1. LYS83 versus ASN109, label points 7 Å from Cα toward the beta carbon: distance in nm?
2. Under a crude label model (7 Å from the Cα following the beta-carbon direction), how far is MET47 from LYS102 in nanometres?
3. Multiply the residue gap between THR34 and CYS60 by 0.36 nm, knock off their C-alpha separation, and tell me the result in nm, one decimal place.
4. Accessible area, 1.4 Å probe, largest first: how do MET26, MET47, MET59 sort?
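The values are calculated or read from the model by the stated rules, or taken from the named source; none is laboratory data. No experiment lies behind these values; they were computed from the predicted model shown. Don't worry about glycine lacking a Cβ; one is built from the backbone with ideal geometry, like all the others, and counts go over all protein chains shown. Accessible surface is based on the protein model in full, side chains and every heavy atom, while ligands, DNA and RNA are left aside. Shrake-Rupley method; radii C 1.70, N 1.55, O 1.52, S 1.80 Å.
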Amino acid sequence: TTPFEWLKTYLSLEETFPKDNNEHFMFVACNRSTDSIIGFCEVDSRMSIKPEAAPRPYMCNLAVGKKWRNRGVAKALIFECEKKARGWGKEYIYLRVRWKNKAAIGLYNGLGYVEPMDSEDEQNAIKRGQDDIILLQKQI
């Protein structure tokens with residue numbers, strides 16, 4: 001199975017879920033010369049009924065192939081998510097990251113992401129002691 005076949009399957013599954021005013025987008029970075037996927041990220045502005053859900057718009061599932069890391073792929077995907085959120089008229093964008101993932105936190109901090117002032121509020125963040133996950137936000 002090729003990465004493009006995986007993507008086709010994923011997109012087929014994604015189409016089975018209801019869409020709400022074009023408030024959910026997926027971005028895929030590709031290497032055209034090898035016909036392969038090298039990165040992925042999505043941003044979602046749909047409201048959630050789950051009380052533990054992150055604030056919206058929420059950027060998630062950022063992934064970049066190992067040999068493509070530190071080449072600007074992640075930044076490009078993040079910038080596309082931020083651009084989409086600005087297009088929705090949003091002032092902030094949010095994400096969650098494992099506290100122990102220092103490389104990711106360094107990337108996000110370098111791009112202006114910080115813990116919200118009220119991040120200890122159970123409505124807005126999963127506390128570090130529970131799952132080692134923190135909420136970050138950026139004013140866009």
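1. Those two pseudo-labels are separated by 2.8 nm.
2. So the label points at MET47 and LYS102 sit 4.1 nm apart.
3. 6.8 nm
4. I get MET47, MET26, MET59, largest accessible area first.
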